[in-house]
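Below you'll find the structure, written out as structure tokens, and then a few comments.
The values are calculated or read from the model by the stated rules, or taken from the named source; none is laboratory data. These numbers were taken from a predicted model, which means no experiment stands behind them. All Cβ positions, glycine included, derive from the backbone under ideal geometry; neighbour counts span all protein chains shown.
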Protein chains: 2
Amino acid sequence: MLAGSDVDVTLVDRTNHHLFQPLLYQVATGILPEGLIAPALRRVVQKHKNISVVLGEVVDIDLKAQTVCALAPDGARIALPYDTLVVAAGATHAYFGHDEWAEFAPGMKTLEDARHLRNHILGAFEMAELATDQKEREADLSFVVVGAGPTGVEVVGQIAELAHRVLPDDYRKIDTRQARIVLIEAAPTVLGPFDERLQRYTTRILERMGVEVRCGTLVTAIDEDGITARNDRGEERIEAKTKVWAAGVQASPLAKMLASATGAKTDRAGRIMVEPDCTLPGHPEVFAIGDMVSLNGLPGIAQPAIQEGKYVGKVIRDRLTGDTSVAPFKYCDHGTMATIGRIHAVARSGGMSFTGIVAYLMWVFVHVLYLIGWGNRFGTLYSWGRSLWITRNRAHRIITLDQVIDEIGSHGSTTGGTMS
Amino acid sequence: MLAGSDVDVTLVDRTNHHLFQPLLYQVATGILPEGLIAPALRRVVQKHKNISVVLGEVVDIDLKAQTVCALAPDGARIALPYDTLVVAAGATHAYFGHDEWAEFAPGMKTLEDARHLRNHILGAFEMAELATDQKEREADLSFVVVGAGPTGVEVVGQIAELAHRVLPDDYRKIDTRQARIVLIEAAPTVLGPFDERLQRYTTRILERMGVEVRCGTLVTAIDEDGITARNDRGEERIEAKTKVWAAGVQASPLAKMLASATGAKTDRAGRIMVEPDCTLPGHPEVFAIGDMVSLNGLPGIAQPAIQEGKYVGKVIRDRLTGDTSVAPFKYCDHGTMATIGRIHAVARSGGMSFTGIVAYLMWVFVHVLYLIGWGNRFGTLYSWGRSLWITRNRAHRIITLDQVIDEIGSHGSTTGGTMS
């Protein structure tokens with residue numbers, strides 16, 4: 001929105017790329033290479049000479065002096081003065097007061113997270129193949145995903161695909177189809193924001209794929225060996241080496257920093273409550289948008305963030321022409337969707353619900369459309385053709401012994417075994 | 001060669017993939033994603049049910065008990081008894097007695113190495129953009145590659161491509177074309193094994209691409225800030241944040257282990273001298289092949305390793321039928337080739353020399369042919385189309401602030417700077 005306008009824009013980020021998070025689970029399960037969903041920021045804004053990019057971490061925002069302070073890779077503090085500031089720092093996982101769970105049940109918000117998860121999932125199958133103890137092997141082959149929103153459903157679906165369709169012929173001692181795959185959700189149903197028909201459809205497809213779906217179930221403990229959960233029927237312990245956290249999110253710490261500087265409130269997830277025009281109270285020159293803000297009860301998904309970004313860009317452009325009569329931000333709900341396994345999906349759009357191949361084609365169309373650049377779009381279609389539609393391979397499943405040791409090996413037993 | 005034979009084969013490796021090293025430099029410079037040059041071992045041998053794969057590190061070989069001992073990810077010791085053993089553990093970089101240089105001038109033998117190098121090279125441009133001191137900026141934009149064999153020539157060529165063709169429009173404060181790119185070689189010419197015409201051609205193309213080629217030059221010191229080198233005309237110090245080591249290799253430590261157990265000799269590079277049939281002295285049941293062995297003065301490149309592998313497979317099959325009248329290994333030289341930058345190459349084959357587009361097309365044909373699987377072949381051609389032939393992008397250039405800090409940031413200055 002600000003490309004070519006008479007403004008100088010500085011874009012500060014801790015990474016050099018723009019990550020398309022909705023496909024992150026496909027990196028974690030070996031379908032896509034990282035590059036296709038994470039084009040370099042510099043390349044995205046290359047043609048817009050009024051935009052420059054800084055690789056740095058924002059550590060302080062001085063609202064009085066109107067200066068952002070960022071740390072450069074060499075430790076230098078870079079002071080970035082501004083007339084107008086837009087903060088869009090997103091969210092990270094939240095463990096509801098149990099931060100010690102993070103070590104055992106990694107979440108998935110960054111490419112680094114996705115790589116860790118891939119090492120973990122693929123490493124578990126390797127360890128199962130080498131295990132000499134039956135109980136150990138069962139724990140290696142047990143996968144628990146916590147949280148049945150779109151991310152949890154998509155991850156658990158791909159783990160089921162790996163176990164049932166991709167990996168069976170790759171192993172000699174284990175039958176990967178024996179893997180136990182559990183989806184745990186505290187709410188009474190999967191996919192909260194979808195209607196009941198889509199929720200039932202999703203549960204049915206997941207169960208047909210071999211996933212145990214446990215709704216109305218609360219996680220009470222997670223450690224390196226497994227997970228404990230409780231529901232109406234009592235408490236259950238599942239011995240599982242791989243636990244994936246897709247349950248809670250919490251806003252970037254910058255939300256709290258801005259809240260305490262302006263007197264704005266934050267909600268339970270640490271999201272800052274902004275004015276109807278996305279500004280901070282008393283600071284019309286500071287906007288906050290996306291997953292780190294709380295506005296009109298909008299969910300922390302891509303569409304509100306994208307629309308808020310466009311809205312704020314337009315407000316800034318209008319101010320340049322002296323027009324400050326701003327209408328409040330209005331969200332236009334285009335719907336929402338999720339894939340289940342290889343070629344199933346559910347979608348809600350324009351008051352209608354879709355399942356099966358129709359929903360899947362909608363999902364493919366929308367997700368390819370939102371990728372940046374034709375090279376990435378065709379590359380992604382090619383990867384989907386290889387991994388999902390034509391063959392059953394996963395082209396991007398690289399792990400090393402050291403990575404597996406880092407992820408799960410060191411947590412495993414150290415008793416020796418002998419193969420013959 | 002042993003697929004479907006009446007033998008049980010166990011393949012032990014520290015990684016889960018078969019790495020095609022000749023294209024590793026393209027991962028290090030963002031052209032290819034990792035997966036295309038590193039298919040999973042399990043998938044490569046999937047159809048051959050007599051072959052099983054173990055993810056583990058070989059820590060001991062007991063030639064008397066005929067048992068290999070490997071460490072599993074959970075620290076368990078796996079004992080693998082054998083009738084016949086083939087050791088093909090390759091080589092790693094050697095710093096000619098200066099192991100302390102490894103920290104400052106990383107080599108490139110594994111995917112991990114390639115990732116490090118990519119972080120380093122791309123991070124250097126980011127740091128140059130943020131630098132406030134002119135000398136600091138020049139050091140950020142100085143790249144030195146040590147060793148002008150095929151790997152060194154290919155890496156330095158791609159760094160020149162990045163600086164001159166890919167990145168110039170991505171930056172606002174620096175002109176990446178001002179980068180200083182130096183290739184240092186101790187021998188009197190680049191590409192030792194090629195003939196004089198190809199050497200001259202390579203030097204001319206590299207110089208036209210902006211690379212300073214320094215032959216007959218010895219590296220005397222490497223530290224975090226730069227490199228010191230000496231030749232006929234004296235000693236020179238080059239301040240450079242990025243140094244790449246492509247000079248020396250040394251055999252896997254397993255070569256020395258086998259040598260001391262059998263009384264076999266090793267050469268200067270630690271490679272074990274094997275019998276003419278690739279067996280160890282006094283141990284006809286143990287073969288050693290590839291970059292870790294010294295045989296008939298063959299160079300440590302792909303072709304001898306591939307041919308030795310096929311030869312040993314045939315010897316083992318012949319023995320099954322009782323035929324032990326083995327002819328010694330005979331190498332058939334199919335030639336050798338290297339690319340220079342984007343679309344130049346040199347090739348030597350069948351007593352003839354090729355340059356320019358003909359050599360480049362030969363290079364493309366051979367390298368695509370040797371990739372495993374059509375999915376990877378088409379994927380690689382697609383990536384080359386995107387990055388080399390049609391557009392000037394690099395699709396796979398992901399870095400994060402933390403990675404840059406790990407690679408070079410912490411070595412940089414800690415004096416602050418202010419941008420406005």
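In the condition set (1) part of a helix (DSSP H, G or I); (2) small (Gly, Ala, Ser); (3) closer than 30 Å to residue B:258 by Cβ; (4) out of contact with any Leu (no Cβ under 9 Å at 6 or more places or on another chain), residue B:139 is compliant with all but (3). Among the numbered conditions (1) buried (at least 23 other Cβ atoms within 10 Å of the Cβ); (2) among the β-branched types (Val, Ile, Thr); (3) out of contact with any Ser or Thr (no Cβ under 6 Å at 6 or more places or on another chain); (4) outside any helix (DSSP H, G or I), the only one that residue B:27 does not meet is (4).
Selection of the stretch A:252-310 for residues being in a helix (DSSP H, G or I), crowded, with 22+ Cβ neighbours inside 10 Å, within 17 Å of the chain's Cα centre (by Cα) and small (Gly, Ala, Ser) yields only A:290. Restricting A:279, A:242 to those that are touching a Phe, Trp or Tyr at 6+ places or on another chain (Cβ under 7 Å), farther than 30 Å from residue A:347 by Cα and modelled with pLDDT of 95 or more reduces the list to A:279.
Checked against (1) in contact with a strand residue (DSSP E or B) (Cβ under 7 Å, 6 or more places away or on another chain); (2) among the β-branched types (Val, Ile, Thr); (3) within 30 Å of residue B:51 (Cβ to Cβ), residue A:145 meets all criteria but (3).
The single condition among (1) buried (at least 20 other Cβ atoms within 10 Å of the Cβ); (2) farther than 30 Å from residue A:140 by Cβ; (3) at pLDDT 95 or above that residue A:337 does not meet is (3).
Only one of the listed residues (A:139, A:187, A:102, A:148) is at pLDDT below 95 and over 17 Å from residue A:30 (Cβ atoms). That residue is A:102. The set of residues from the stretch B:330-384 being of a type in the set (D, E, K, R) and in contact (Cβ under 8 Å) with a residue 40 or more places away in the chain comprises B:342, B:348. Scanning the stretch B:1-24 for residues that are touching a Ser or Thr at 6+ places or on another chain (Cβ under 9 Å), among the aliphatic types (A, V, I, L, M) and over 29 Å from residue B:392 (Cα atoms) yields B:7, B:9, B:11. Assessment of the stretch B:96-105 against the conditions (away from every other protein chain (no Cβ under 11 Å), surrounded by fewer than 20 Cβ atoms within 10 Å (Cβ to Cβ) and within 16 Å of the chain's Cα centre (by Cα)) yields at least one matching residue. Which residue out of A:63, A:24 is hydrophobic (A, V, I, L, M, F, W, C), at pLDDT 95 or above and within 30 Å of residue B:39 (Cβ to Cβ)? Step by step, each of A:63, A:24 is checked, and only A:24 is hydrophobic (A, V, I, L, M, F, W, C), at pLDDT 95 or above and within 30 Å of residue B:39 (Cβ to Cβ). Residues that are closer than 30 Å to residue A:398 by Cβ and part of a strand (DSSP E or B) were ranked within the stretch A:32-91; the one that is farthest from the other protein chains (Cβ to nearest Cβ) is A:91.
Comparison of A:11, A:2 shows that the only residue that is within 12 Å of another protein chain (Cβ to nearest Cβ) and in contact with a strand residue (DSSP E or B) (Cβ under 6 Å, 6 or more places away or on another chain) is A:11.
Looking at this structure, is residue B:38 of a type in the set (A, V, I, L, M) and in contact with a Phe, Trp or Tyr (Cβ under 8 Å, 6 or more places away or on another chain)? It is true that residue B:38 is of a type in the set (A, V, I, L, M) and in contact with a Phe, Trp or Tyr (Cβ under 8 Å, 6 or more places away or on another chain). Within the stretch A:318-359, the set of residues being in contact with a Ser or Thr (Cβ under 7 Å, 6 or more places away or on another chain) and within 20 Å of residue A:153 (Cβ to Cβ) comprises A:334, A:335, A:340, A:345, A:346, A:348. Please work out which one of (1) closer than 14 Å to residue A:244 by Cα; (2) touching a strand residue (DSSP E or B) at 6+ places or on another chain (Cβ under 7 Å); (3) more than 14 Å from chain B (Cβ to nearest Cβ); (4) outside any strand (DSSP E or B) is the condition residue A:151 fails and give its number. Of (1) closer than 14 Å to residue A:244 by Cα; (2) touching a strand residue (DSSP E or B) at 6+ places or on another chain (Cβ under 7 Å); (3) more than 14 Å from chain B (Cβ to nearest Cβ); (4) outside any strand (DSSP E or B), only one is false for residue A:151: (2). Listed by first and then second residue, the pairs linking a residue in the stretch B:109-134 that is at the interface with another protein chain (Cβ under 7 Å from one of its Cβ atoms) and in contact (Cβ under 8 Å) with a residue 60 or more places away in the chain to a residue that is buried (at least 18 other Cβ atoms within 10 Å of the Cβ) and of a type in the set (Ser, Thr, Tyr), with Cβ atoms under 8 Å apart and 6 or more places separating them unless they lie on different chains, are B:111/A:400; B:111/B:15. Can you confirm whether residue B:259 is closer than 23 Å to residue B:300 by Cα and either of a type in the set (D, E, K, R) or at pLDDT 95 or above (or both)? In short, yes. Residues of the stretch A:365-388 that are surrounded by 18 or more Cβ atoms within 10 Å (Cβ to Cβ), over 30 Å from residue B:41 (Cβ atoms) and hydrophobic (A, V, I, L, M, F, W, C): A:371 alone. For residues that are modelled with pLDDT of 90 or more and surrounded by fewer than 21 Cβ atoms within 10 Å (Cβ to Cβ), scanning just the stretch B:389-399, find the one that is nearest to the other protein chains (Cβ to nearest Cβ). Across the stretch B:389-399, the extreme among qualifying residues is B:390. Among the residues making up the stretch B:111-136, a single one is in a loop (DSSP other than H, G, I, E, B) and in contact with a helix residue (DSSP H, G or I) (Cβ under 8 Å, 6 or more places away or on another chain): B:131.
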